[in-house]
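Here's the structure we're looking at; comments come further down.
Since every read-out is calculated from the coordinates, none of them should be taken as a lab result. In this text, all values refer to a predicted model and were calculated from it rather than measured experimentally. Cβ placement follows ideal geometry from the backbone for every residue including glycine, while neighbour counts extend to all protein chains displayed.
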Amino acid sequence: MSQSNQLKTFVPVGLAALVIFLYAFTFVVREYEVAIKLRLGEIISDDYRAGLHFKIPILNQIKTFDRRIQTLDSQPERFLTIEKKDVIVDSYAKWRIANAAQFYRSTGGISARTSRLLSERINTSLRDEFGKRTIQEVVSDDRLALMDILTKEVNANASDLGVEVVDIRVKKIDLPPEVSESVYQRMRAERERVARDLRAKGAEAAERIRADADRQRTVIVAEAYKESEELRGEGDARATEIYAAAFNQDPSFYAFYRSLNAYRTTFGKGGDMMVLEPDSEFFRFFRESSGQP
């Protein structure tokens, strides 16, 4: 076999051997991972930066874990407040691996076990803190301070797991169904009481406005009647003055005019009977045009 043929045979074999060597004797740690190296099940190193690292096949095992922030969404739990009232709390936590070696020793790198152990610690801290506060305190603005306290407490309690709790938040706080109905009934009764008070105040204000309007109407009508009577009296007085002035200018004509009006009124009715003496004063203008006897 020529030398060129030997090279063509050995080059692929050498490349394949190199690939197998790299695969068997190296491992890669990515930017978002942490890794630990074990030798016969014992952790011998956990300080690896992202990149390519070496290992001994069979003798060493490599465990890698995601070191990005993880979300633990817990199931709603029932807690007791300082008022001895049950509340159902739905919360979640943000956490990440802080110590890869401790994390592996405590949880074996199993996600389900990590979630269970971390949930136990979070629920314990929530139960302790809710037991120190009223319902109003845990749903008010003080809840932010409560979340900070919980984060610090859980961090201290979870240090043996090799994790760091970044944040804890409460999504929702509900009352148990058996308590909610009584609370709603009490709220409804309170709202109805407020509504009755408002209606009573409204009715009182309406009566006051109505009474004031009636009083003003009575005053206005009385003043109008008074003014009309004064005007009528002034008119009658003026008419009397005019009649008197006219009568004084020609008393005989005024007497004649008055008699004509009396005749028109008396004889214009028709069908009435009137019995008078022929020489009565009423018929004086029938006897003489001057009205004299």
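Summary of packing: across the peptides 100-109, 234-243, the per-residue average of other C-beta atoms within 10 Å ranks them, highest first, as 100-109, 234-243.
Here the peptides 249-258, 120-129 are ranked by packing, the mean other Cβ count within 10 Å, and the order with the highest first is 120-129, 249-258.
If you stretched the chain out fully between A200 and S45, how much longer would it get, using 0.36 nm times the residue separation minus the C-alpha to C-alpha distance? Could the numbers behind the result be given before it?
Working: separation 155, 0.36 × 155 = 55.80 nm, distance 7.99 nm.
Full extension from A200 to S45 adds 47.8 nm.
Computed from the C-beta positions of N60 and E181, the FRET efficiency with R₀ = 51 Å rounds to 0.25. Computed from label points 7 Å out along Cα-Cβ, the spacing between I209 and D90 is 4.6 nm.
When the pairs K171/K201; K63/K152; K63/K171; K85/K201; K152/K172; K37/K94 are compared against a 32 Å limit on Cα-Cα distance, K171/K201; K63/K171; K85/K201 fall above it. For a quick check of your reading of the filter: which GluC sites (Glu not before Pro) in the range 41-92 sit in a DSSP loop and have no more than 15 other Cβ atoms within 10 Å? Here the GluC sites (Glu not before Pro) that fit, given the DSSP loop and packing criteria, are E83.
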